[in-house]
Structures are given as structure tokens and as C-alpha cells.
Amino acid sequence: VSLSICDKSMEITHSSQLHKFFSELGERCAFSANIYIFGGSAILLIGGTRHTGDVDFTIQSSDDNAFRKIIQSLANENSIDAEESVPSEFMPLPTESESRHQLVGRYGQLTAYTFDPYSIALMKIDRAFERDLADVYFLIHNGYIQVDLLEKYLDEVAQRYDEPMKLRKNFEEMKRGL
């Protein structure tokens with residue numbers, strides 16, 4: 001499932017833009033909801049300086065359809081390209097990934113998290129664009145992930161993935177760049 005919510009988007013250059021979005025989302029949300037951010041926006045939220053054109057997210061709430069409508073409305077008002085997708089539909093996630101989500105903050109009934117950094121790294125290694133690998137290096141160099149654990153999770157995921165050779169090849173190339 002992938003849903004892009006805004007056609008004309010502004011570039012997101014600072015985490016404050018995301019916190020403002022979460023704050024406004026929390027004001028509109030009358031029920032308990034969680035939003036999990038991954039991709040470039042997650043890197044910005046944890047201190048990265050990269051720019052991104054969208055907010056990749058997945059949700060969990062007591063009323064997902066109503067929550068999607070709130071996100072869509074707010075994203076359109078703010079020209080934010082908010083893209084909902086389910087990371088596990090792209091590739092298997094490492095075990096206990098849900099225990100590694102990192103709290104960004106609480107905004108009324110909304111709780112925002114960055115997605116598991118190891119899952120983010122594996123998705124980026126799988127795609128292996130230059131910007132993706134720069135994000136993985138950021139995660140490693142800033143202590144969000146450890147290379148040995150990343151390799152352990154990669155081996156686990158590769159056993160359940162339809163392109164294990166590509167994933168392992170991309171990982172080895174990423175390690176050469178460290």
C-alpha cells in the first residue's frame with residue numbers, strides 16, 4: 001500500500017517543519033494515533049542535515065481512515081508530500097523492529113516516532129542510491145546503528161527476501177565506503 005497525498009510539495013529542509021506538521025496534526029486528531037516516519041524525514045528528525053521532498057510514514061490509530069483524511073488535509077494545506085506506505089511490504093523487517101522505533105514526541109493525541117533505524121538502513125541499502133548510502137553512513141557515524149548488528153539483521157532479512165544477493169552486494173559496497 002502506497003499513498004501519495006500531495007502533488008505540489010515544498011522541500012523539507014529542517015526538522016522544525018516536521019515538528020510543526022506533527023503539532024498541527026495533533027491539534028486536529030481527536031483520537032489516539034501513532035505516526036512512524038522513515039526515509040529522509042526520519043534522518044532530519046534525528047539530526048541529519050539532508051533535504052527531502054516528502055514525508056514517508058506509516059500509521060496506527062483507532063480510526064486509520066479518519067487519520068488518513070486528517071493527514072491528507074493538513075499535507076495539502078501545507079504543500080507537504082506525505083507518502084503512506086508499509087515498510088514490510090517492500091522487504092521483510094528484522095525481528096523486534098517495533099521495539100526500536102524512537103519517540104519523536106507527543107502532540108495531543110498524536111505520538112510521533114522515527115521508524116526502527118536498522119529497518120531504515122536496510123531499506124536504504126536495498127535501494128542503494130547515493131543519498132541512501134549517505135543516510136546509512138550518517139546512522140552509523142552518529143551511533144544510531146552498529147555495523148555488526150546491521151549485518152546480523154541483514155543476514156536475517158536476506159533469508160526471507162526475494163533479492164538476497166542484491167541486498168548482500170549493496171551491503172558490501174556500503175561497507176567499503178565507511
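The values are calculated or read from the model by the stated rules, or taken from the named source; none is laboratory data. From a predicted model like this one, the values you see are computed outputs, not experimental measurements. Because the Cβ atoms are built from the backbone with ideal geometry, glycine has one as well, and the counts that use them run over all protein chains shown. Quick note on the areas: whole protein, heavy atoms, side chains included, nothing else; ligands and nucleic acids left out. Shrake-Rupley method; radii C 1.70, N 1.55, O 1.52, S 1.80 Å.
General observations
- Distant-in-sequence amide contacts of V55, defined by a placed amide H-H separation under 5 Å and a gap of 5 or more residues or a different chain, comprise D81, A82, E83.
- Here the peptides 59-68, 118-127, 39-48, 14-23 are ranked by packing, the mean other Cβ count within 10 Å, and the order with the highest first is 118-127, 39-48, 14-23, 59-68.
- Projected area, mean over directions - segment 1-148, Cα convex hull, nm²: 8.3 nm²
- Cross-link partners of K169 among aspartates and glutamates (Cα-Cα below 14 Å; sequence separation of 8 or more within a chain): D126, E151, D155
- Rounded to 5, the percent of DSSP beta bridges in segment 50-178 classed as antiparallel: 60 percent
- The chain - mean residue ellipticity at 222 nm from DSSP helices (-39,500 (n - 2.57) per run, n ≥ 4, rounded to 500): -14500 deg cm²/dmol
- Fraction of accessible area attributable to carbon and sulfur, segment 87-178 (%, probe 1.4 Å): 49 percent
- Partners of K69 within straight-line reach, counting lysines whose Cα lies under 27 Å from its Cα and excluding those fewer than 8 residues away in the same chain: K8, K20.
- Heavy-atom accessible surface of the chain, averaged per residue, reaches 49 Å², computed with a 1.4 Å probe.
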